[in-house]
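A short write-up of the structure that comes next.
The values are calculated or read from the model by the stated rules, or taken from the named source; none is laboratory data. All of these numbers come straight from a predicted model, not from anything done at the bench. Neighbour counts run over all protein chains shown; Cβ positions are idealised from the backbone, glycine included. Surface accessibility is based on the protein's heavy atoms, side chains included, excluding ligands, DNA and RNA. Shrake-Rupley method; radii C 1.70, N 1.55, O 1.52, S 1.80 Å.
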Amino acid sequence: MNTAGVRAVARVRACPDGRGGTCLPVLESDGPLALRRTRGRGTEAQVLLVGAMSGPLGGDRLAVRADVRPGARLRVGSAAATLALPGQQAGEARYDVRLTVADGGELHWLPEQLVSVRGSELLVTTRADLDRGARLVLREEQVLGRAGEEPGRLTSRLTVRIAGRTVLDQQLACGPGAPGGWDGPAVLGGLRAVGQLVVVRPGFEDKPVTARALGEGAAVLPLPGPAALVTAVAPDALRLRRLLDGASALFGPASD
């Protein structure tokens, strides 16, 4: 199998600037992954991930690394949705995200939706490693196909570790060739948008999150340690975002 494609790794590191704010001593773009600093709020630095080319395409190997040091606050978003597309090269595309947050650091990882286009094949892995005392808000949204379109093959794995302990490790495979049942009532139930929101706060140690349904299509679950997971499914990207935004509001300000 020919798996030649684009190889690219983008990196960002956030550190305290010594004046109560956050600086970015590392902000490295690569290939189709362009990182741009934008105006932050308060002590927070903000970065946008801008897709400089179409993709990921078949055979591509793309990666993003974000590292938040003690006392730094970083918010990372993306300028537009990411489209997983079929390419001229045969083989699965891979998109790998690695996040590290030190004690006293805070990261908001809030990219736009990932859309699995018909004929594409993508494996996306996201791993967050946090020290005890770190804070994290992580949102993932996957949309299966564009309007009126069947999806490609999409496999997504999300892992969160706190102080060396795995508190979440889940994988979902959808589309042609995925294990049977992915579109059934136990998983997506015929819906085409799925998302997760992970919130990690030291305060959850003393006030754990209570498991409950959040209306139709969403639920919140406590995770081991100071963390909570919201999972949501919806007919489309707009309604999925509304569900996750509503869930995020329930947790209150990040300083809680």
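Within region 142-155, work out how many residues are closer than 28 Å to Ala249 by Cβ and either β-branched (Val, Ile, Thr) or modelled with pLDDT of 95 or more (or both).
1
Within region 50-67, which residues are assigned to a strand (DSSP E or B) and out of contact with any Lys or Arg (no Cβ under 8 Å at 6 or more places or on another chain)? Outline the logic, then answer.
If we filter region 50-67 for residues that are assigned to a strand (DSSP E or B), which is where we start, we get 50-51, 61-67.
Within region 50-67, Gly51 is the sole residue that qualifies.
Among the residues of region 78-111, how many are at pLDDT below 95 and either of a type in the set (Gly, Ala, Ser) or touching a helix residue (DSSP H, G or I) at 6+ places or on another chain (Cβ under 7 Å) (or both)?
Selection size over region 78-111: 9.
In region 116-136, what count of residues is obtained for those that are open to solvent by 20 Å² or more (accessible area, probe 1.4 Å), part of a strand (DSSP E or B) and in contact (Cβ under 8 Å) with a residue 60 or more places away in the chain?
From region 116-136, those open to solvent by 20 Å² or more (accessible area, probe 1.4 Å) are 118-119, 121, 123, 125, 127, 129, 131-133, 135; that's our starting set.
Filter once more, keeping what is part of a strand (DSSP E or B): 121, 123, 125, 127, 129, 135.
Retained after the next criterion (residues that are in contact (Cβ under 8 Å) with a residue 60 or more places away in the chain): 121, 135.
Here the count works out to 2.
Checking Ala228 against (1) under 23 Å from Val117 (Cα atoms); (2) open to solvent by less than 30 Å² (accessible area, probe 1.4 Å); (3) of a type outside the set (S, T, N, Q); (4) without any contact (Cβ under 8 Å) to a residue 60 or more places away in the chain: exactly one of these is not met. Which one?
Of (1) under 23 Å from Val117 (Cα atoms); (2) open to solvent by less than 30 Å² (accessible area, probe 1.4 Å); (3) of a type outside the set (S, T, N, Q); (4) without any contact (Cβ under 8 Å) to a residue 60 or more places away in the chain, only one is false for Ala228: (1).
Being under 17 Å from the mean Cα position of the chain (by Cα) and more than 20 Å from Ala219 (Cα to Cα) is the filter here; which residues of region 149-161 pass it?
The answer is Leu154, Thr155, Arg161.
Keeping to region 15-43, report how many residues are buried (at least 17 other Cβ atoms within 10 Å of the Cβ), charged (D, E, K, R) and part of a loop (DSSP other than H, G, I, E, B).
Number satisfying all stated conditions: 0.
Just checking, how many residues over region 169-222 are more than 24 Å from Ser248 (Cβ to Cβ) and either charged (D, E, K, R) or loosely packed, with under 14 Cβ neighbours inside 10 Å (or both)?
Going through region 169-222 one residue at a time, the tally reaches 10.
From the list Gly246, Gly189, Gly195, which one is more than 18 Å from the chain's Cα centre (by Cα) and not polar (S, T, N, Q)?
Gly189 is the lone residue from the list that is more than 18 Å from the chain's Cα centre (by Cα) and not polar (S, T, N, Q).
Of the residues Gly59, Gly77, Gly105, only one is of a type outside the set (A, V, I, L, M, F, W, C), touching a Ser or Thr at 6+ places or on another chain (Cβ under 6 Å) and open to solvent by less than 30 Å² (accessible area, probe 1.4 Å); which?
Gly59
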